[in-house]
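Note sheet for the following structure.
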Amino acid sequence: MISPSGRAALALDLFPVGVLKWDLLALLHSAEELEQATQERLDQIFSSLSTTRCSHLSAATRDECLEKADAELHRLISLNASLVTLFDGSDAYPVCLRECYRPPIFLEILGDPGILHANCLAIVGSRKPTAEGVRTATDIA
């Protein structure tokens with residue numbers, strides 16, 4: 001199952017705003033707003049963020065992120081994978097994960113997405129871990 005909000009969630013994650021994506025997420029009324037926003041609305045949204053780093057983001061940047069999101073969606077479909085997003089209700093996105101500080105905007109799942117609602121344990125870490133981080137995660141696992 002690919003979430004109807006999957007394209008917007010993937011694009012949001014690709015926006016060059018770093019950790020401000022959670023602030024941006026809070027300003028959106030819906031996932032689709034990012035896809036349909038005019039340049040004026042984008043400017044309005046980004047001016048609400050407390051940084052000048054976002055002031056130059058444009059509809060062209062948004063469109064580029066949406067194209068990359070489309071490519072990722074095609075890859076997920078070809079793998080018969082699932083995608084759930086924060087925009088989805090609690091029947092799709094795990095409730096406990098939603099309560100975390102800065103939860104993942106989306107989850108890509110190979111296999112049964114229903115397992116997300118079972119009791120489980122996960123180890124989440126850096127994409128570029130140190131040797132000590134790898135050892136610690138291995139020990140915990």
Largest-first ranking of THR85, THR61, THR138 by accessible area, probe 1.4 Å, whole protein assembly kept, is THR138, THR61, THR85
Computed [θ] at 222 nm, helices only, for the chain once each DSSP H run of length n ≥ 4 contributes -39500 (n - 2.57): -13000 deg cm²/dmol
Calculate the dipole size of the chain relative to its Cα centre from +1 charges on Lys and Arg beta carbons and -1 charges on Asp and Glu beta carbons; express the result in debye to the nearest 20. 420
Which order do VAL124, VAL95, VAL84 take by accessible area at a 1.4 Å probe, largest first? VAL124, VAL95, VAL84
Figure the gain on full extension for ASP63 and GLU99 (residue separation times 0.36 nm, minus the Cα-Cα span) and round it to one decimal in nm. 9.9 nm
Of ALA131, ALA81, ALA11, which is the most mobile in a GNM of the chain whose springs link Cα atoms less than 10 angstrom apart? ALA131
For volume of the Cα convex hull per residue in Å³ the list reads (i) 115; (ii) 144; (iii) 135; the calculated value is entry (iii)
Using alpha-carbon pairs under 8 Å, 6+ residues apart, how would you state the relative contact order of the chain in percent? 28
How much length, in nm to one decimal, is gained on full extension between SER30 and SER126, taken as 0.36 nm per residue of separation minus their Cα-Cα distance? 31.7 nm
Using only the heavy atoms of the protein chains and a 1.4 Å probe, how would ARG62, ARG135, ARG127 rank by accessible area, largest first? ARG127, ARG135, ARG62
Pop a pseudo-label 7 angstrom from the Cα along the beta-carbon direction at both SER90 and LEU20 and give the gap in nm to one decimal. 3.3
Given PRO4, ILE45, TRP22, which one lies farthest toward the positive end of the charge dipole of the chain, if we put +1 on the Cβ of every Lys and Arg and -1 on the Cβ of every Asp and Glu? TRP22
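The values are calculated or read from the model by the stated rules, or taken from the named source; none is laboratory data. Please read all numbers here as calculations on a predicted model, not as lab measurements. Counting neighbours? That spans all protein chains shown, and the Cβs are built from the backbone with ideal geometry, glycine included. Accessible surface is based on the protein model in full, side chains and every heavy atom, while ligands, DNA and RNA are left aside. Shrake-Rupley method; radii C 1.70, N 1.55, O 1.52, S 1.80 Å.
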